[in-house]
Structure formats: structure tokens, C-alpha cells
Amino acid sequence: MDGGGERESTKHEVEAEYHCHDFDWEDLRADVEANPSFSYHLCPFPTTTTTDSPPAPQSEAWKSFHRRHASGKFFKERRYLLKEFPELLNSKECAKVLEVGCGNGSTAVSILRCSPSITVYACDCSEDTLQKANEIVFNTQGVDAKDRFHPFLLDVSKEAFPDWLFCNWCQSSGAKAVGLSLDSGHHNIRNEQPIVLKENQCCIHGIDVITMIFTLSAIPYDLMLATLRRCVSVLKPGGLVLFRDYGIYDMTMLRFLPHQRVGFREYIRADGTFSYYFSLDTVRELFDAAGLLELELEYCCVRSVNRKNGKNMRRVWVHGKFQKPTS
Ligand SMILES: C[S@@+](CC[C@H](N)C(=O)[O-])C[C@H]1O[C@@H](n2cnc3c(N)ncnc32)[C@H](O)[C@@H]1O
């Protein structure tokens, strides 16, 4: 799960990780598709029979994962994200960012550091990792997170975002209600989240930027579209979704064994966590179906050397930037 921030990177590796084209993805594809030992990754996945017992919810595996790694030693600040997504640096005054599946805060810390006017709302399905993220954010030197970091528990694959992010009244009035006082059209939701809301505020009036960094791949493919739609529902018109995740034929995909394959381009690790590998077409279809416009979408192809065995590694990530239409 190195893309998930769980290994130390050298300075060179970190700098190399954004917008990289060390090799051509089509060359990698040709190599993989011509290699018979990888053929099981390519074939269609058989549909499941109704007699199979339902699998445990995927979020449970993540909760156990975070419980086992409570030391937070996998924390790695993702400073390269600001180079990859410069709009974070240039974001407007008082921008609100939602980090979906925040883990230990690797992405949140970088965003908080880049501008004192950004507030980060961060959700995860694991209470342990939210606590760790809070600890890390508030103990990181050079980051003043007071009143700017708001972690909350949510299984985004099956639960709606709370009303205090973007209440129905403000959503239906086109997010133009910023600064209005509560009136009878608003639900009284203040009691549910008094910490976040100021007096006379019904909600925070939506999110300017959503970051999904190695989170969508952790969610079963069948639940991805509904997950994305939930995210889009709390985004302001014109708001951005910044996406980075595993790309197909990444070295880590090719390491999975046949019995770990649980769907087309979908795998389960020994610890029960899921990992999906995206093609650009799949990302395009999903984000388009969720109502987002594509601004940028490409593979980042990075060649690096395994420090333990000296072997050449070809890493593939998908970089994407999407926008919610303004009307
Ligand atoms: C690979 S980590 C990425 C963490 C973070 N975005 C980063 O940049 O390091 C994936 C995170 O997604 C979270 N996650 C997985 N399934 C989730 C779900 N259904 N709802 C909310 N969070 C989830 C996991 O707990 C984990 O912290």
C-alpha cells in the first residue's frame, strides 16, 4: 500500500512522483499483455453465485488495519500533491477542502501547511485513524491547524455526508445562501454539530475542493459510483475534485496472486483491504456518471528502483482533476 503513504520515500522518489512520464504506459501495457504469467489479471471475472455468503463490509478491514497500525508510523506527508494540484496553493480565501478517506492525515497536513486560509474537513471510516490524524496534524511543526481541521467519522461507501456540510436548503438554493441567517426553510441541525457551526449558520455551505487520494481504490467497484455521487452532493457548483489513485498494470497489481482477485481489476490484500486499479476509461466513465466535467486525466508513470533488491519497478498512478458544473 505504498501509494497509500505507507513507506518512506527518498527525496528523489517524492519529487519524481507527480506528473511523471518515465516510460510510456502503452509500452507497459504491451509487455504485460504479451506475458502469459500475467494472463489471469486480464481475463473477465466470473459473476458470483447467489449461494456465496455476503462478504464482510470493506470498511471493517480498514478499521482493523488502522487498529493494528495505531502508531501512525505509516504517516508520510504528501508534499508533492501541491505540485500536482497547484490549485490548492492558489485557492481562494477561506477555501473549504474535504479530504475523503483521510487516513493518518498525510494529505490533510500538506494542504493545511500550504495556506493558512484553507480549512480541511476530513472523513474516514476508522475512528482510530481519525484520532491519529488529529494528533499528527496538531503536532506537526509549521502547521497551525487551530479551527482549521475537522475530522469526522463516515463510511462514505454507504452513508450520506452530514447536513452540516451542505444542508438541503442551501443545496437547492444553488449555494448562493452563504452568509444568510437561519430561517424557517432550514432544518435545525445546529445541535448535531455545534463545534463546526457558528451562530446563525445552518451549514458550512458546501465544499470548494474535494481530495480523493488513494481512497476510491479502497472501495469495492460496485459502490464507487454511489460514493462519488455522495461526494458531488456536498461540492459547490464549480467546485473541484482532485483525484489520485492506482493505475492499471502498476507493479503492485501484477504482484497479486490469482486467488486474491475478487473482481475485474479488483484485488483483496491478505489483511482484507481492497485495491482497485483504474484505467483512464473507467475513471472517465465513473466521474462522468457522477456529473463531473473532466479537466485533466492522465497516467503518471514512474520508474524507480527497489532499495532492498535493486529491481526495477514500474509504478502507475492515475491523476485526475474534475469540476462540478456551475449550472
Ligand atoms: C490508502 S489510505 C489513503 C489515506 C489518505 N487519503 C492519504 O492521502 O494518505 C485509504 C483510506 O481510505 C479509508 N477508507 C476506506 N474505505 C472507506 C470508507 N468506506 N469510508 C471512509 N473511508 C474509507 C481508509 O480507512 C484509509 O484511511
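Looking at this structure, is CYS114 surrounded by fewer than 22 Cβ atoms within 10 Å (Cβ to Cβ), over 22 Å from the mean Cα position of the chain (by Cα), modelled with pLDDT under 95 and on the phi < 0 side of the Ramachandran plot?
Details: surrounded by fewer than 22 Cβ atoms within 10 Å (Cβ to Cβ): yes; over 22 Å from the mean Cα position of the chain (by Cα): no; modelled with pLDDT under 95: yes; on the phi < 0 side of the Ramachandran plot: yes.
So CYS114 does not fit the description; no.
Only one of (1) touching a residue at least 60 places away in the same chain (Cβ under 8 Å); (2) of a type outside the set (Gly, Ala, Ser); (3) away from the ligand (no atom under 13 Å from the Cβ); (4) surrounded by fewer than 18 Cβ atoms within 10 Å (Cβ to Cβ) is not met by LYS96, so which one is it?
(4) is the only condition that LYS96 fails.
Between VAL120, VAL137, VAL143, which is in contact with a helix residue (DSSP H, G or I) (Cβ under 7 Å, 6 or more places away or on another chain), assigned to a loop (DSSP other than H, G, I, E, B) and among the aliphatic types (A, V, I, L, M)?
Details: VAL120 fails: assigned to a loop (DSSP other than H, G, I, E, B); VAL137 fails: assigned to a loop (DSSP other than H, G, I, E, B).
Unique residue meeting the criteria: VAL143.
Please state which of the following conditions PHE152 fails to meet, knowing it meets all the rest: (1) among the aromatic types (Phe, Trp, Tyr); (2) within 20 Å of VAL241 (Cβ to Cβ); (3) more than 14 Å from the ligand (Cβ to nearest atom).
PHE152 satisfies all of (1) among the aromatic types (Phe, Trp, Tyr); (2) within 20 Å of VAL241 (Cβ to Cβ); (3) more than 14 Å from the ligand (Cβ to nearest atom) except (3).
All but one of (1) of a type outside the set (D, E, K, R); (2) touching a residue at least 12 places away in the same chain (Cβ under 8 Å); (3) closer than 30 Å to SER327 by Cβ hold for GLY142; which doesn't?
(3) is the only condition that GLY142 fails.
Can you pull out every residue in segment 66-93 that is among the charged types (D, E, K, R), surrounded by fewer than 23 Cβ atoms within 10 Å (Cβ to Cβ) and outside any helix (DSSP H, G or I)? Working first, answer last.
Restricting attention to segment 66-93, the residues satisfying the condition of being among the charged types (D, E, K, R) are 67-68, 73, 76-79, 83-84, 87, 92-93.
From the residues that got through so far, the ones that are surrounded by fewer than 23 Cβ atoms within 10 Å (Cβ to Cβ) too are 67-68, 73, 76-77, 79, 83-84, 87, 92-93.
Matches in segment 66-93: LYS73, LYS76, GLU77, ARG79, LYS92, GLU93.
With VAL241, VAL232, VAL209 as the choices, which residue is within 15 Å of the ligand (Cβ to nearest atom), closer than 20 Å to GLU87 by Cβ and over 10 Å from the mean Cα position of the chain (by Cα)? Walk me through it before giving the result.
On the way: VAL241 fails: over 10 Å from the mean Cα position of the chain (by Cα); VAL232 fails: within 15 Å of the ligand (Cβ to nearest atom).
Within the list VAL241, VAL232, VAL209, the selection yields VAL209.
Any residue that is in a helix (DSSP H, G or I), modelled with pLDDT of 90 or more and not basic (Lys, Arg) - is there at least one of those in segment 98-107? Can you show your working first?
Start the filter on segment 98-107 by keeping residues that are in a helix (DSSP H, G or I), which leaves 106-107.
Filter once more, so that each one left must be modelled with pLDDT of 90 or more: 106-107.
So of that shortlist, the ones also not basic (Lys, Arg) come out as 106-107.
Yes, because at least one residue in segment 98-107 is in a helix (DSSP H, G or I), modelled with pLDDT of 90 or more and not basic (Lys, Arg).
The conditions are (1) out of contact with any His (no Cβ under 7 Å at 6 or more places or on another chain); (2) within 12 Å of the ligand (Cβ to nearest atom); (3) not hydrophobic (A, V, I, L, M, F, W, C), and ASN134 fails exactly one of them. Which is it?
The single condition ASN134 does not satisfy is (2).
Select from segment 264-293 the residues that are touching a Leu at 6+ places or on another chain (Cβ under 8 Å), of a type in the set (A, V, I, L, M) and outside any loop (DSSP other than H, G, I, E, B) and list them in ascending order.
The answer is LEU280, VAL283, LEU286, ALA289.
Looking only at segment 222-235, decide whether some residue is touching a Lys or Arg at 6+ places or on another chain (Cβ under 8 Å), at pLDDT below 95, among the hydrophobic types (A, V, I, L, M, F, W, C) and surrounded by 19 or more Cβ atoms within 10 Å (Cβ to Cβ).
no
Quick one: GLU296 ticks every box in (1) surrounded by 13 or more Cβ atoms within 10 Å (Cβ to Cβ); (2) in contact (Cβ under 8 Å) with a residue 60 or more places away in the chain; (3) over 18 Å from LEU225 (Cα atoms) bar one, so which box is it?
(2)
Report yes if ARG269 is crowded, with 17+ Cβ neighbours inside 10 Å and more than 17 Å from SER157 (Cα to Cα), otherwise no. Steps first, answer last, please.
On the way: crowded, with 17+ Cβ neighbours inside 10 Å: no; more than 17 Å from SER157 (Cα to Cα): yes.
Judged against the criteria, ARG269 is not a match.
Pick from LEU225, LEU254: which is closer than 20 Å to LEU42 by Cβ, more than 13 Å from the ligand (Cβ to nearest atom) and not in a loop (DSSP other than H, G, I, E, B)? Spell out how you get there, then give the answer.
On the way: LEU225 fails: closer than 20 Å to LEU42 by Cβ.
On inspection, the qualifying residue turns out to be LEU254.
The values are calculated or read from the model by the stated rules, or taken from the named source; none is laboratory data. Computed from a predicted model, the values in this text were never measured in an experiment. Don't worry about glycine lacking a Cβ; one is built from the backbone with ideal geometry, like all the others, and counts go over all protein chains shown.
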